[in-house]
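As structure tokens, the structure follows; a few thoughts come after it.
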């Protein structure tokens, strides 16, 4: 995997992104912490809009049902 510096030096889109963020910092529009927070929020928002189906092995589902049935019984 490339380091952020390597990506900056070799990927024009990544380079542009970093330059844009630097510009926002230089113009005192946002602090580095605010930019980090905004990037995390953007990632969360994206993930919430693009929920993936998860395929759980039917054997695992059966195992959980067995555990639930076992632990849900009343003890005498």
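Only the coordinates and a few stated rules stand behind these numbers; no lab work does. It should be emphasised that the depicted structure is a prediction, and the values quoted were computed from it without experimental measurement. Ideal geometry is used to build each Cβ from the backbone, glycine not excepted, and the neighbour counts take in all protein chains shown.
Counting only alpha carbon atoms, the long axis of helix 12-26 and the longest principal axis of the chain meet at about 70°.
With respect to the chain, whose longest principal axis is taken over its alpha-carbon atoms, helix 32-49 is tilted by about 40°. For residue 20 and residue 57, a Förster radius of 30 Å and the Cβ-Cβ distance give a FRET efficiency of 0.10, rounded to the nearest 0.05. Stokes-Einstein diffusion of the stretch 4-72 at 4 °C, 1.567 mPa s viscosity, Kirkwood radius from Cα pairs, rounded to a whole number: 80 µm²/s.
In the stretch 1-41, the convex hull through the Cα atoms has an average projected area of 3.2 nm², a quarter of its surface area.
Taking only Cα atoms, what is the 0 to 90° angle, nearest 10, from helix 58-72's long axis to the longest principal axis of the chain? Here the helix axis deviates by roughly 60 degrees.
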